[in-house]
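The values are calculated or read from the model by the stated rules, or taken from the named source; none is laboratory data. These numbers come from a predicted model, not from an experiment. Note: ideal-geometry Cβ built from the backbone for every residue, glycine included; neighbour counts use all protein chains shown.
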Amino acid sequence: MKDLTSLVPKYTFPDTLEAQEVALAANPLMRRLIESRTSYAGDRHRPLYHYVNPEAMLNDPNGLCHWQGRWHLFYQAYPPEDPRQHWGHAVSDDLVHWRDLPYCIYPDPEDKCFSGATLVEDDRVIAMYHGTEAGNMVAVSSDPLLLNWKKVGDRAVIPMPAPDDPPLPYGVFDPCIWQKEGVYYSLSAGTRPDGPAGKPVRANFLFRSTDLEHWTYLHPFVEDDAFTLVGDDGACPYFWPIGDRHILLFFSHMSGGQYLLGDYDTGRDKFVVTNGGKFNFGASTPSAVHAPSATPDGKGGVIAIFNMNPGKPTQRWNQIMTLPRRLTVEGDVLSVEPAGDLQSLREGFQHFEGVSLPANQEIVIDGVQGNAIELIAEIDCGAAPMVEMNVLRSPGREEYTRIAFFRDRGLADRVSGTGQRQSLVTIDSSYSSCAADVLSRAPETAPVSIAADEVLELRVFIDKSVVEVFVNGKQCVAVRVYPDRDDSVGVSFRSQGVDSEIKSLQAWQMKSIW
């Protein structure tokens with residue numbers, strides 16, 4: 001039998017917070033992680049205030065949760081001495097300043113620890129995740145920093161079928177978990193072969209358990225989904241209440257991060273879908289948002305975070321996390337805003353008002369420069385069909401990343417039913433880098449509903465190799481970019497065809513979270 005014991009050092013920690021802190025201060029693995037993170041300090045493309053793991057690679061975020069006053073982020077990590085997926089771990093008081101903790105869930109009896117979710121109870125946190133070659137696993141932890149985990153049954157609780165077993169009516173893959181009336185429920189990701197012409201369509205299979213160890217299959221969970229595509233799958237599911245509705249976030253290996261919004265029919269244990277949308281507006285690779293992890297924020301919203309794929313080889317590290325996003329709903333409309341105490345990172349404030357944008361002229365904002373900055377621009381677009389903002393711009397415009405807003409150039413808004421066309425927001429990285437090893441990407445273009453008299457607000461976060469743009473608290477687009485020139489730090493604006501005005505521009509330099 002194959003020995004699946006991890007080669008990564010594993011430690012058991014005390015059960016009180018004070019004793020845990022003492023043990024962490026002396027822990028050899030923690031010292032290694034700190035030294036590894038320090039070794040990357042000079043990397044020009046490694047972000048300062050987006051989370052990046054301390055050593056080697058990372059992949060999907062997992063099990064985001066809030067436990068005893070702290071936020072915990074887990075993720076697929078690839079330790080250098082045993083690059084099978086383990087669960088990496090970081091903790092934060094404010095969703096912005098992250099502190100690395102030791103690897104927490106190790107493979108065995110599974111070969112690799114893939115994606116999953118957590119459920120916070122009064123006295124413990126439950127993690128449910130996919131263990132390759134074994135099945136879906138459950139582990140529990142109850143200590144203050146969630147350092148010690150015990151696997152329920154020391155085996156897969158929803159096992160993979162044996163090669164010679166008859167076909168199952170469900171798939172065994174990335175799970176999530178919640179509780180209803182004292183009973184646990186779980187989704188297992190996958191597809192069903194009952195799409196058009198027998199092609200696969202997204203499926204999430206529902207299971208139920210009273211003890212976390214023994215699970216009974218019920219049925220496919222999602223009903224009336226007219227929003228995903230033929231060929232989508234439902235990986236990395238997260239099912240949570242949001243406002244007076246429910247939301248299912250997931251990742252499609254074909255078309256990226258998505259969500260379904262609807263109502264939880266608790267009598268039939270079905271999720272009845274009323275709307276859906278995307279977090280990716282193009283392929284997830286290269287340089288784009290990947291899989292979600294999500295958890296309720298305790299205030300009616302959901303906090304989500306995504307990993308982002310690279311668009312350039314980076315030595316010894318790969319992928320980053322987006323900023324956390326707070327999702328809220330009103331009716332069938334999903335809103336998205338940055339989450340966490342980002343204001344604590346700001347310094348070097350600059351403010352401009354009443355900046356005219358004459359038609360067809362690029363206006364460079366003198367004095368506003370940086371590759372780790374936050375910008376908030378409020379723009380009265382007037383009758384201009386397109387207004388653009390260029391960031392990470394070199395003085396001669398050899399490199400720049402273009403953020404463009406196109407008024408009323410999208411499809412009809414299906415939610416409002418008025419037939420009004422949506423607007424579009426684009427991040428175009430075509431000219432972001434002169435380097436030969438940066439992979440090209442078509443512009444990332446997302447719909448956003450902006451009223452005719454509504455001022456456009458672009459809240460832009462630039463962090464070395466990532467640009468995230470939040471639009472009027474309604475939409476977010478993000479891409480990886482890799483400027484090759486040291487002077488690609490400028491900011492400019494341009495109004496197409498008709499004059500516009502920047503009513504307000506606020507700019508801050510952003511400090512490192514490390």
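For the range 68-83, which positions are surrounded by fewer than 20 Cβ atoms within 10 Å (Cβ to Cβ) and on the phi < 0 side of the Ramachandran plot?
Kept after step one, since they are surrounded by fewer than 20 Cβ atoms within 10 Å (Cβ to Cβ), are these residues of the range 68-83: 68-70, 78, 80-83.
Across the range 68-83, the qualifying residues are 70, 78, 80, 81, 82, 83.
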All-but-one check, residue 54 against (1) within 30 Å of residue 133 (Cα to Cα); (2) surrounded by fewer than 13 Cβ atoms within 10 Å (Cβ to Cβ); (3) without any contact (Cβ under 8 Å) to a residue 60 or more places away in the chain, failing number (2)
Scanning the range 267-310 for residues that are within 30 Å of residue 439 (Cβ to Cβ) and of a type in the set (S, T, N, Q) gives 280, 284, 285, 287, 293, 307, 309
In the range 120-137, residues that are out of contact with any Gly (no Cβ under 9 Å at 6 or more places or on another chain), over 20 Å from residue 82 (Cα atoms) and either assigned to a loop (DSSP other than H, G, I, E, B) or in contact (Cβ under 8 Å) with a residue 40 or more places away in the chain (or both) total 6
A careful count of residues in the range 263-305 that are at positive phi and surrounded by 22 or more Cβ atoms within 10 Å (Cβ to Cβ) gives 1
Test: residue in the range 460-467 that is touching a Lys or Arg at 6+ places or on another chain (Cβ under 7 Å) and assigned to a strand (DSSP E or B): yes
Per the list (1) outside the structural domain of residue 317 (by TED's automatic domain parsing); (2) surrounded by fewer than 16 Cβ atoms within 10 Å (Cβ to Cβ), residue check on residue 8 breaks on (2)
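Just checking: which of the strands (runs of 3 or more DSSP E) contained wholly in the range 150-256 hold 2 or more residues that are surrounded by 19 or more Cβ atoms within 10 Å (Cβ to Cβ), in contact (Cβ under 8 Å) with a residue 12 or more places away in the chain and out of contact with any Gly (no Cβ under 9 Å at 6 or more places or on another chain)?
Numbers: elements: 175-180, 183-192, 201-209, 216-220, 235-242, 245-252.
Passing ranges, in order: 183-192, 201-209, 235-242.
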Among residues of the range 70-110 being of a type in the set (D, E, K, R) and touching a residue at least 60 places away in the same chain (Cβ under 8 Å), the residue farthest from residue 292 (Cα to Cα) is 81
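Only one of 127, 117 is modelled with pLDDT of 95 or more and touching a Cys at 6+ places or on another chain (Cβ under 6 Å). Can you tell me which?
Numbers: 127 fails: touching a Cys at 6+ places or on another chain (Cβ under 6 Å).
Exactly one residue qualifies, and that residue is 117.
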